[in-house]
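The values are calculated or read from the model by the stated rules, or taken from the named source; none is laboratory data. Please read all numbers here as calculations on a predicted model, not as lab measurements. No Cβ is skipped: glycine too gets one built from the backbone with ideal geometry, and neighbour counts run over all protein chains shown. All accessible areas refer to the heavy atoms of the entire protein, side chains included, with ligands and DNA or RNA removed. Shrake-Rupley method; radii C 1.70, N 1.55, O 1.52, S 1.80 Å.
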Amino acid sequence: MIENEHIPQEDLALYALQALSEEESEAVQLHLDQCASCRGELARLLGNTAVIGLSVQQHPVPLGARQRLLNRIAADAMATKQRVKQDARGQVFDFPRSTWIPWATAAVFAIVAIALGVENSLLNKELRDESS
Amino acid sequence: MADVFDRYGGVVYSVALRVLKDKEQAEDVMQDIFFQLWSKPDAFVQGRGSLGAWLLVIARNRAIDRFRRRRATESPDDVVLLSHTNLADESERNILMEKVRVILENLPPEQQKSLQPAYFEGLSHSEISMQTGEPLGTVKTRIRLALIGLRKALAA
């Protein structure tokens with residue numbers, strides 16, 4: 001069934017309702033990945049199953065549920081904003097750190113080299129003075 | 001998001017409540033669905049079908065996952081459905097609700113007995129077969145016939 005033939009409609013209907021066993025579902029999924037025709041039929045079956053949900057008795061959402069959702073969204077948006085800000089700040093510090101460290105090292109070496117040069121010439125001068 | 005919630009919150013919550021029979025858990029499912037829709041709006045691709053119908057499928061599937069204490073069996077991105085039912089308009093929705101109830105009530109009792117536990121309890125065909133004592137093939141056929149009957153009646 002799975003490799004070459006289309007999925008029997010019974011199985012597709014059960015798949016739409018997630019009423020197949022795990023192994024059966026996996027086999028159907030494998031076929032669906034390659035078969036546009038069966039995917040189309042599944043989409044139609046899912047459209048049919050969706051309206052079954054409308055048959056249930058309707059209840060109003062619990063008191064405060066809307067506000068709880070909006071608060072959760074606002075909190076998440078705020079956390080994301082802070083994360084982005086921190087990342088940006090991290091980048092600002094990271095960039096110069098990665099650039100100034102080699103320069104600073106070079107500068108230290110240059111200063112040490114100059115100091116050694118000066119010390120060397122002072123010692124040479126001292127040696128010349130002593131020998132004369 | 002507030003508008004989408006106002007429009008579809010009730011139907012999503014009602015489906016979750018019907019499956020879970022627990023207000024707190026049904027609200028959790030509803031909150032997660034709308035939060036996911038906000039954080040990942042691309043999961044629903046316009047043009048594939050109506051947002052209301054898509055939310056109903058996700059609500060039912062999430063509620064069943066929770067009811068059966070299993071992890072989410074699919075990502076919302078994977079749910080592609082073809083539905084031209086307009087659930088955005090409340091009066092149209094109410095008419096459709098009534099129509100669907102009548103269609104389901106008029107299905108042959110044996111089809112109802114196979115479809116209801118599959119849809120609202122997430123029972124597999126083999127579980128329904130064990131519960132009803134009907135052969136596996138019979139259960140499969142009844143579920144398919146119920147869905148096809150529903151499709152035809154809706155189109156009529």
>> Restricting to the range B:14-37, name every residue that is at the interface with chain A (Cβ under 8 Å from one of its Cβ atoms), under 20 Å from residue A:76 (Cβ atoms) and not aliphatic (A, V, I, L, M).
In response: B:27, B:31, B:34, B:35
> Within the range A:55-70, can you find the residues that are open to solvent by less than 90 Å² (accessible area, probe 1.4 Å), among the polar types (S, T, N, Q) and part of a loop (DSSP other than H, G, I, E, B)?
Replying inline: A:58
> Does the range A:15-34 include one or more residues that are acidic (Asp, Glu), farther than 30 Å from residue B:28 by Cβ and buried (at least 18 other Cβ atoms within 10 Å of the Cβ)?
Replying inline: no
> Take the residues of the range B:38-65 that are over 17 Å from the mean Cα position of the chain (by Cα) and more than 8 Å from chain A (Cβ to nearest Cβ): which is least open to solvent (accessible area, probe 1.4 Å)?
Replying inline: B:43
> If you scan the range B:114-135, which residues turn out to be part of a helix (DSSP H, G or I), more than 10 Å from chain A (Cβ to nearest Cβ) and open to solvent by 60 Å² or more (accessible area, probe 1.4 Å)?
Replying inline: B:130, B:131
> Say we look at the range A:1-52 and pick out the residues that are within 9 Å of another protein chain (Cβ to nearest Cβ) and in a loop (DSSP other than H, G, I, E, B); which of these is modelled with the lowest pLDDT?
Replying inline: A:21
